[in-house]
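Visitor: This is the structure I have questions about; it appears just below.
The values are calculated or read from the model by the stated rules, or taken from the named source; none is laboratory data. Small disclaimer: the values here were computed from a predicted structure and weren't measured. Here the Cβ positions follow ideal geometry from the backbone for every residue, glycine too, while neighbour counts run over all protein chains shown.
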Amino acid sequence: MIPFSGAQADDAIGGKAQNLALLFQSRFPVPKGFIIAAHAFERVLQSNQDPDSWVFPETLRNEIMAAYQTFVTPPVVVRSSCSAEDMESASFAGQYESILHVTSDNLLESIKRCRLSVNKDHARFYLTHRFLAGGRAPAMSVIVQEFVDADVSGVIFSKNPITGNDDEIVINSSFGLGEAVVSGLVTPDLFILPKQGAAAQRKELGDKEHKTLLGPNGTRLVDTTAEEKSSFSLQNEQLHELKNATLAIEKLFGHPIDLEFAYRQGKLYILQARPIST
C-alpha cells in the first residue's frame, strides 16, 4: 500500500494516482489517500482462472485494512488508476467504476468491483477503438481516497476546450456532488476567467435542474431549489481561489490541465487532475 505522501512517478500506479500524489506532496488541498498498486492484483488474478470469482488473500486483505485505518479517515471513494488512463490523446473518464462513500463494511468489495471494471465490455471497446494495447486490459491500480460530501462541485479547464484559447480558464459548477456535472446530467453554471490582463470574466447562469446528493444506498438525483436555480454556485472569492489554484497546478504539470474540485463548508478540495485530452 502506497500513501499519497510516499508515491513516486512510477507507471505501476497509473497516471491518476501519480497526479494526485504529486498534488498532495506539493501541498495542494487534495483529500488524503493511498494506492493499491497494480502488481498486488496481478498475483491474485494469475492464481484464479475466473477473474470474477477471486477473493483477497489474507495478507493483501490485512494490508488494505491496515492502510485504511492508517492513511484515511472514512468514508472514502474507491476509483481506478490505469497505466493507459487519462493521456493527452485519450481520456478514460467514466470508463471504469468509482464507488462513493465506502466504509470498512464494503471496502474490499468496492475495491474488487473497481478492479474488475477494467474487464467490462465498454472499457474494452474504448481501448480497441483508441488503438491502445490491442484492446487488452491495461494494468490497473486502485485509489482509496477520503470522500468529500460536496456542497458545490465542478470541473476546470486551464485552457478553453472549445476555442483552444490558452488565456482563458473555463469552470463548470453546480450544487451537490460532481457526478451530475461530470456525467452531463445538469446544465451547470459557466465561468470564463482571463488568466491575465484586464479582460472581464464571463458568467452564465446554468439551469442546474438537479443535484446529486448522498443517500442511504449511494447517490440520488434530486431537484434543486428555486433559490439554487437562480443563484450562481460559486462566489467571486471562490472563483479567485480556483483561478490561483489552476494556474499553480498548470505550472506544476507544465501543460494544460483538467481538474475536478469540490467545496465543502467553504473549503476547497482538488479531487482529480489530468491532461486536457485532444
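Visitor: Being modelled with pLDDT of 90 or more, assigned by TED's automatic domain parsing to the domain that holds VAL182 and in contact with a strand residue (DSSP E or B) (Cβ under 9 Å, 6 or more places away or on another chain) is the requirement here; does ILE111 meet it?
Guide: Here the answer is no, as ILE111 does not meet what is asked.
Visitor: So which residues in the range 230-278 are in contact (Cβ under 8 Å) with a residue 60 or more places away in the chain, among the aromatic types (Phe, Trp, Tyr) and not in a helix (DSSP H, G or I), if there are any at all?
Guide: Residues satisfying the conditions are PHE261, TYR263, TYR269.
Visitor: For the range 181-193, state whether one or more residues are over 13 Å from LEU239 (Cα atoms), touching a residue at least 40 places away in the same chain (Cβ under 8 Å) and assigned to a loop (DSSP other than H, G, I, E, B).
Guide: There is at least one residue in the range 181-193 that is over 13 Å from LEU239 (Cα atoms), touching a residue at least 40 places away in the same chain (Cβ under 8 Å) and assigned to a loop (DSSP other than H, G, I, E, B).
Visitor: Can you spot a residue in the range 159-176 that is among the aliphatic types (A, V, I, L, M) and modelled with pLDDT under 95?
Guide: yes
Visitor: Test VAL186 against the stated conditions and say whether it is modelled with pLDDT of 95 or more and over 14 Å from ILE270 (Cα atoms).
Guide: Against the criterion (modelled with pLDDT of 95 or more and over 14 Å from ILE270 (Cα atoms)), VAL186 does not qualify.
Visitor: Of the conditions (1) at pLDDT below 95; (2) assigned to a loop (DSSP other than H, G, I, E, B), PHE28 fails just one. Which one is it?
Guide: So the condition that PHE28 fails would be (1).
Each row is one residue, and each column tells you yes or no for (1) surrounded by 15 or more Cβ atoms within 10 Å (Cβ to Cβ); (2) under 19 Å from ILE156 (Cα atoms); (3) not assigned by TED's automatic domain parsing to the domain that holds ARG264.
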position: ARG202; (1), (2), (3): no, yes, no
position: ASP207; (1), (2), (3): no, yes, no
position: HIS210; (1), (2), (3): yes, no, no
position: LEU214; (1), (2), (3): yes, no, no
position: VAL222; (1), (2), (3): no, no, no
position: PHE232; (1), (2), (3): yes, yes, no
position: ASN236; (1), (2), (3): no, yes, no
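Visitor: Does LYS195 satisfy being farther than 18 Å from THR246 by Cα and buried (at least 16 other Cβ atoms within 10 Å of the Cβ)?
Guide: no
Visitor: So which residues in the range 163-182 are at positive phi and touching a Ser or Thr at 6+ places or on another chain (Cβ under 6 Å), if there are any at all?
Guide: GLY176
Matching residues to (1) of a type in the set (Ser, Thr, Tyr); (2) without any contact (Cβ under 8 Å) to a residue 60 or more places away in the chain; (3) crowded, with 16+ Cβ neighbours inside 10 Å:
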residue: ALA9; (1), (2), (3): no, yes, no
residue: PHE24; (1), (2), (3): no, yes, yes
residue: ILE36; (1), (2), (3): no, no, yes
residue: ILE64; (1), (2), (3): no, no, yes
residue: THR73; (1), (2), (3): yes, no, no
residue: VAL76; (1), (2), (3): no, no, yes
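Visitor: Taking SER80 as the residue in question, decide whether it is at pLDDT 80 or above, buried (at least 18 other Cβ atoms within 10 Å of the Cβ) and either in the same structural domain as HIS255 (by TED's automatic domain parsing) or not in a loop (DSSP other than H, G, I, E, B) (or both).
Guide: Answer is yes for this residue.
Visitor: Same structure, new question: Given the criterion closer than 30 Å to ILE276 by Cα, part of a strand (DSSP E or B) and not assigned by TED's automatic domain parsing to the domain that holds ALA248, identify the matching residue among PHE41, PHE34.
Guide: After ruling out the rest, the residue left standing is PHE34.
Visitor: Check ASP167 against each of (1) in contact (Cβ under 8 Å) with a residue 24 or more places away in the chain; (2) within 23 Å of PRO31 (Cα to Cα) and name the one condition it does not meet.
Guide: (2)
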